[in-house]
Amino acid sequence: MQKKRKSVFPGGVHPTDGSDKALSMDAAVQQYWPKTVTILSEQSFGGRCRILVQPGDTVEEGQLIGEPEAFMAAPLHASVSGKVLDVKEVASQGRSVLACIVQKEKEHEESKAAYRTEAADISGISREEILAGIRDGGLTGMGGAGFPTHKKYETDKPIDALLINGAECEPYLTCDYRLMLEEGYALVNGVRLLLKGSGAKHAYICLEDNKPQAAENLSRILEEARKSGVMKAEEQVEIRVLPTKYPQGGERQLIQAVTGREVPMGGLPADAGAIVSNVGTARAAADMILGGMPLYRRIVTVTGCVEKPGNYLVPIGTSAKELLKLAGGVTVPQNRVIAGGPMTGPCVASDWNGEDELFYVTKNTSGILVLPDSAYEEQPCIRCGGCENACPAGLSPWQIDFAFQEEDYDLCEKLYASECIACGCCSYICPAKRELTVRTRMARDAVKQRMRERAVKKA
């Protein structure tokens, strides 16, 4: 059953008319296996792993090759079977990161497991087994910052709502949409496992209303599972269709839109009785717990100013340069290459000519986007208040911007800069083309650092 609810989070923008997603939304997922992969020891910022293998070692697909050394890290697995060529520092988006380079020597054998084509019986799987599978499988958030999934589900706070994020509100990206269309059974089985693992009463698969085919497909699978008797009455899973508005897929915005609750300032979704996981994470849970396959592959959208926009299922560590070549190469010489979507993704190259290496796919790489370069200059703020109206966190970005440039961090804190979600709405809406998102995010980081330092002094 589908239920549509009016979005209740404040602000937000409508950055595109749908023509952006039309570039790749009908492109079925293609598998691609490169000859070598470069698996970063940091799959997300600050999530460093200790590499367990040495050059010359032989590894098997799915083998554990990295143990977490930091709070933000999850176990790391070989994404191909072959020989470790080197373990060395590589450049990645302006940083130097230790990486394991593996040469593929064995072809991948695709799983024919039943959980991908029908509803699975999960009655014999305990919550403890689910949590262990999530942890050992190296699952992370696959639509945002790459936070380790098991840390969300091991909370001691009461959870009554599990939100599965299929909003995919970021322009151009269609990897989650294709997943919901092509791997619906695996996704639904993963949602059921995560619901059991969370201890929540209800799970909501949340989509925007620009994805009617995905909603219909998942609704059909849920109805089929209920009629077969495999899906029990206590498994309350519902499709929730939401208005198309950016950033509908933000954790706090999604919780507010679906449950009507607000995450408290400085708090986490669990403080509002909710857990949010991406649809890709739910599918990965089914792969690990029902198929014994850790998270070492993901779907990546390659789109924008490329010859053949598409969606590719690739092993972690695949070169972005190879994927752009696979998509036919860039079509404009003056360009910007973005890792992810245009609202939150970092620009990794300008005027890219197809020669230099860009970056390597990680667990949270959702897309590779090429846009035409557009030069502009910042103009003085005209005090229009557009950024205040658009901010989904209810902040005043223009005031935070001025306070930050004056290095008035006390004022930044009083203006709640710590609550910035770096969605990009303020910069998008600004008629003066001011870099509001960049400086508000920097103000947020400075304020949070001050808050941490105060907490250490009190301890």
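Bear in mind that the values in this text are calculations on the coordinates, not laboratory data. This one's a predicted model, so the numbers in the text were calculated from it and none came from an experiment. Glycine also receives a Cβ, built like all others from the backbone with ideal geometry; neighbour counts cover every protein chain displayed.
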The range 67-84 scanned against label point 7 Å out from LYS151 along Cα→C-beta; backbone N under 13 Å for 68-75
FRET efficiency (SER126, ALA70; Cβ distance; R0 25 Å; to 0.05) is 0.30
Distance in nm between LEU411 and ASP160 label points, each 7 Å along Cα→Cβ, equals 4.3 nm
By the mean-Cβ-within-10 Å protection proxy, highest first, 370-382, 278-290, 209-221 rank as 278-290, 209-221, 370-382
Among the range 242-282, those whose backbone N falls under 15 Å of a label point 7 Å along Cα→Cβ from ASN210 are 242-250
In Å, the Kirkwood estimate of hydrodynamic radius for the range 125-220 over Cα pairs equals 14.2 Å
Proxy exposure order for TYR428, TYR246 (fewest C-beta within 10 Å first) is TYR428, TYR246
On the formula 1/(1 + (r/R0)^6), with r taken between the Cβ atoms of ARG450 and ALA22 and R0 of 41 Å, the FRET efficiency rounded to 0.05 is 0.35
Going from the fewest other Cβ atoms within 10 Å to the most, one would list VAL87, VAL8, VAL456 as VAL456, VAL8, VAL87
Rh (Kirkwood, all Cα-Cα pairs) for the chain, Å, reads 22.8 Å
Here, ARG383 and ASP57, labelled 7 Å along Cα→Cβ, have an inter-label distance in nm of 6.2 nm
Filtering trypsin sites (Lys or Arg not before Pro) in the range 407-459 by DSSP loop and by at most 14 other Cβ atoms within 10 Å leaves LYS433
With the charge dipole of the range 386-458 built from beta-carbon charges (+1 for Lys and Arg, -1 for Asp and Glu) about the Cα centre, the Cα from SER396, ILE429, SER418 projecting farthest to the positive end belongs to SER418
Restricting to Cα pairs under 8 Å and 6 or more apart, the percent relative contact order of the chain works out to 19 percent
